[in-house]
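The values are calculated or read from the model by the stated rules, or taken from the named source; none is laboratory data. This one's a predicted model, so the numbers in the text were calculated from it and none came from an experiment. Counting neighbours? That spans all protein chains shown, and the Cβs are built from the backbone with ideal geometry, glycine included. Only protein heavy atoms, including side chains, enter the accessible area calculation; ligands, DNA and RNA are left aside. Shrake-Rupley method; radii C 1.70, N 1.55, O 1.52, S 1.80 Å.
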Amino acid sequence: MTTINAGDELLFHFRELVKEKILAGQSFDDAWNAAEENFGSLRRYEDECREIRLRDKLFPGRIAVGALVVMALMITWLSFEVRSVGHSGEVLAQTISATAGKPASNPLQNLSGQVLDKDDRPLKEARVLLILKTWPNDRYQQEDFDTVTDSDGRYRFEALVPASERHAVMVVAYKAGHAFRSKYDYVKRPTGKREDVNLQLPNANEVTLIIKNENGKPKSGVEVRPSLRKPKSGEESVIYFQGSETLTSSSDDQGKVKLNCFEAGDQAEVYLKQADGEWQSKKFKVPAEGNVPINLP
Amino acid sequence: MNEQSERNPLPQGSLDLLILRTLLSGPKHGYAIARHLKEVSEQVILVEEGSLYPALHRLERRGWVDSDWGPSESNRRAKYYQLTPVGRKQLEIETEAWRRMQAAVFKVMTYRPSIS
């Protein structure tokens, strides 16, 4: 499937412009408005990029049109409210550490934390996915970020969050062999420095999904992404679809795909997509051992 | 605003040369390219986003640059552009042409007819 990333490229540039203007002293709302004005010529960009890139002979006509539609939608999305789709995980209580009433010395705060294994040891090279939700000019915006923990199991996203604006973050830590965990933190009235968002990952039980059609024939090439796990005890953890591309596996010729991110006993949910289909979700219970049959029409 | 109304228009064809030259120091994403041009030129060269990205895609189609996604300084996915060997060669050609033009313009601008 052709991946169109022109919109992602523009969104990144847009976000950097917003950050630049905030650091120059503008309010979040003003910075957002100013950045939108900077991007006023995107319509010209659409036409020119279509001419330059989408007519490349590698792109069939229908995909080129589809790509243009995707680009137009991505660009239009910058100016309109987007409805959030997601679940809530564990709510993290905010600890106020700065003196109330004083403005933040840095208009943009960092977000950092540590990922540990079940024995409280730092977990290096764990992938950390972050969904950031903000409301510039009372319009909802959602962005995704990702990084990998260092040798101390620590991660950091710099200049991420407007210090004086309400925002929410969903942080997910993921590493094969460990059950993923997420934390959700909504900060309605920021008053000080952000606390670290730390996560501890229990060991995972490998589970093999066997994907077949209604006639029992194995389906290969089915893309699978973990989505949600609710352990027997404890809060559920969620991986938003946005930003989870790096966690995708594909079924082999026997329709098998191994997942190593759930605990036995979890109520699990995954996203699945066949080559010519749309993403859909499937739920199952994670066994202590054995396979899980998944039927796809 | 309007910051765009204060921008000095670039001579046609200059943007490609400026992008190639900027990438000589290493891979950069589009925002970094625009920022580099703005800072090095002391705010004289302000590239419109609507011009920058078509130019980058044009250079990529010609094979003078290629691109790859990677983490930015803030751990966000960004598309980085870098010079290809063909692009480096093209930069040499374009730079030489620019120098010749610059020298020619200088001559015209400083020409004073001799007084007999």
Chain pair A, B: total accessible area buried, heavy atoms, 1.4 Å probe, Å²: 3000 Å²
Backbone HN-Hα couplings from phi across segment A:265-282 [Karplus 6.51/-1.76/1.60, Hz, Gly and Pro as x]: x, 5, 8, 10, 9, 10, 9, 9, 8, 7, 4, 10, x, 9, 5, 9, 10, 9
Average other protein chain Cβ within 10 Å of Cβ, residues A:11-19: 5
Listing of segment B:12-39 residues, each with accessible area lower by at least 10 Å² in the full protein assembly than in the chain alone (probe 1.4 Å): B:His29, B:Tyr31, B:Lys38
Cα centroid of segment A:116-184 to Cα centroid of segment B:75-101, whole Å: 36 Å
Peptide B:45-51 - average C-beta neighbours from other chains (10 Å radius): 5
Between 0 and 90°, nearest 10: helix B:85-109 axis offset from chain B longest Cα axis: 30 degrees
Peptide B:92-99 - average C-beta neighbours from other chains (10 Å radius): 0
Whole-percent carbon and sulfur share, accessible surface of segment A:214-258, 1.4 Å: 41 percent
Å² of accessible area per residue within segment B:14-87, as computed with a 1.4 Å probe and no ligands counted: 42 Å²
Listed pairs A:Lys175/A:Lys285; A:Lys183/A:Lys258; B:Lys38/B:Lys89; A:Lys282/B:Lys28; A:Lys183/A:Lys283; A:Lys124/A:Lys285 exceeding 31 Å between Cα atoms: A:Lys282/B:Lys28
For peptides A:125-132, A:178-185, sequence by mean Cβ density within 10 Å, most packed first: A:178-185, A:125-132
Protein-protein interface of segment A:129-170, residues with accessible area decrease of at least 40 Å², isolated chain reference, 1.4 Å probe: A:Phe145, A:Asp146
